[in-house]
Structure formats: C-alpha cells, structure tokens
Amino acid sequence: MLEIERVRAAGEKVRLTAGLETFPVGVSLLAGSGTPGTERLEGNRYCQALMRARHGESVLLDAAGLACPAAAKAFGFRPLPEKLASGEGLVGFGIVGDPSVGRAMFDRMPLIEAGTVKALELYPLERAQRVPDVVVVEDEVERLMWIALAGLNAEGGRRVESSTAILQATCVDSTVIPFLEDRMNLSYGCYGCRDATDMASGEAVLGFPVRLLFPIERELSRLGQKAMPASRAKRAYENLKVEAAARKNRVDCSTVDR
C-alpha cells in the first residue's frame, strides 16, 4: 500500500518542480463515508469542488450535494435529465447547433457504474488524509506539458492519448477516464468548468491514476534538472531575435551606403 507521507511529499514535489500556481488535487471515489471533519458541500458542481481543493480546501461531494446533473450521471449518482440526454440542453447553451450532436456526446461519455461510488473526496494532494484514486492538475498548459512528458517517460515512451468531448472536462476527462481506463488524460476544459470556476483562458486540466504519481515525481525531477530550465530560457528564440536584428541592421546599412 502507498504510504500517505510519500503521497503528500510527491504532491509537493510535483507542484514545486512544475511551478504550479495551485495544488495538485487528490480525488478519492468512495464506496462509503469520507474522512471525518471534511466539509460536505451543498449545491456545488464537481468542477467547483475541484477549484476549492486546488486552492487548499478539503471537501466532500455526494449525490445530494452535487449540483451538476451531467457530473452526477458521470459518477453514477443519478440519471441524466431528458433535456440533456436528448441534446436539446446543449443546443440551449449554444454549445451545439444540432441536438443529435449533443445526444451523441452524452451517449459516448465514459461513465462509472451507477451505485458503485457514494461520495467524492477532493483535497490538496500534499495535505491528503488518504491515498487518492486519481490526481487532477489544473494549471497553465506549459506546466501541464512537463507533467505529461514525465508521465510519458514513466510509461516507457507510450504516446499520451487524450479523449475529450470538450464537455465534462473535469469530471469525465480528468477523473472518470483516468479512473476507469487507468491512464493519463488531458483536456482543454469545457464551457461548464470555464463558466463556473476561476479556470483561466490559458489553463487546462489533466488527470492520472495514482499509480503514476511516484514515477511522474521521479521523471519530473529529472526533467527539472536540464530540459525544463533550458526550454524555459528560450535560448534558441533569443538567438533567432539577435540574428534577425543583425540581418536587419546589415540591410539598413547597405541601403544607406547606396
């Protein structure tokens, strides 16, 4: 079994090495009750619970407290309302123009079997009270890139395959898929999470099963020794600018000579 102290230390190391602005979030999909004393949320969406956890809170969401019907369906809490299932709801939001497109998006959505999960506990990884099932990271794309590259190294070079409907980015793309398919998944975000949380325009989200946490920590530390600082220094770009300025100066001088 993973040691909780190692989980916390790995969460801190990933945050500091990648330069994340907020905490990586541990998510436990519980068949029973949550950690005593954890705040139980009412009327929150899953993406909002994730937002609170990435900013330092430890929270619990169950079927009664989860406000988003699409997320409630994804976690097996309750059926999808007919207006959403038909695709008409997404037409109403302006997300799709044809209800058949919206219907197909929901029909193809990976889902957790109804009744198997009773509650969701979300917390900053480095303050975890239990070993999570999934780790979710929301931050600037460049920072997520390094975590994804660390994961690719940890998986022996296997390409990172991502699946998204640009819908349910935090609940399905970043939590359900890593949980069910035991792999990393990246998402661009979606209408709902960008509307309901502080996710910035340049931020995205990824999730991975906890089995990858320690390998990602190890590979990210290695990347942080050379590849990350070298890339972030943008030396090749700076050299390009110097060369371009020199060429322009030569052209300007030749024009004056004429």
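The values are calculated or read from the model by the stated rules, or taken from the named source; none is laboratory data. Remember, it's a predicted structure, so these values are computed and weren't measured experimentally. Note: ideal-geometry Cβ built from the backbone for every residue, glycine included; neighbour counts use all protein chains shown. Accessible surface areas use protein heavy atoms only, side chains included; no ligands, DNA or RNA. Shrake-Rupley method; radii C 1.70, N 1.55, O 1.52, S 1.80 Å.
Observations on the structure shown:
- Pairs of Lys in the chain closer than 19 Å at Cα, counting only those 8 or more apart or on different chains: 4
- Averaged over its residues, the chain has an accessible area of 50 Å² per residue, based on protein heavy atoms and a 1.4 Å probe.
- Coil-residue trypsin sites (Lys or Arg not before Pro) of segment 203-253, DSSP, other Cβ within 10 Å capped at 12: Lys226, Lys234
- Whole-percent carbon and sulfur share, accessible surface of the chain, 1.4 Å: 53
- Tilt relative to the chain, helix 4-18 - C-alpha long axis, 0 to 90 degrees, to 10: 30
- Residues within the reach of a label modelled at Arg218 (point 7 angstrom out along Cα to beta-carbon, backbone nitrogen below 18 Å), restricted to segment 130-168, are 147-158.
- Looking at segment 1-122, the DSSP beta bridges with both ends there are about 75 percent antiparallel.
- Projected area, mean over directions - the chain, Cα convex hull, nm²: 18.0
- Folded to 0 to 90 degrees: helix 213-225 orientation relative to the chain principal axis, Cα: 10
- Under a Gaussian network description of the chain, with springs only between Cα atoms under 10 Å, the residue in Glu82, Glu121, Glu181 that fluctuates furthest is Glu82.
- About the Cα centre, charge dipole magnitude for segment 1-138 (Lys/Arg +1, Asp/Glu -1 at Cβ), debye: 60
- Angle of helix 141-154 to the longest C-alpha principal axis of the chain, folded into 0 to 90 degrees and rounded to 10: 80°.
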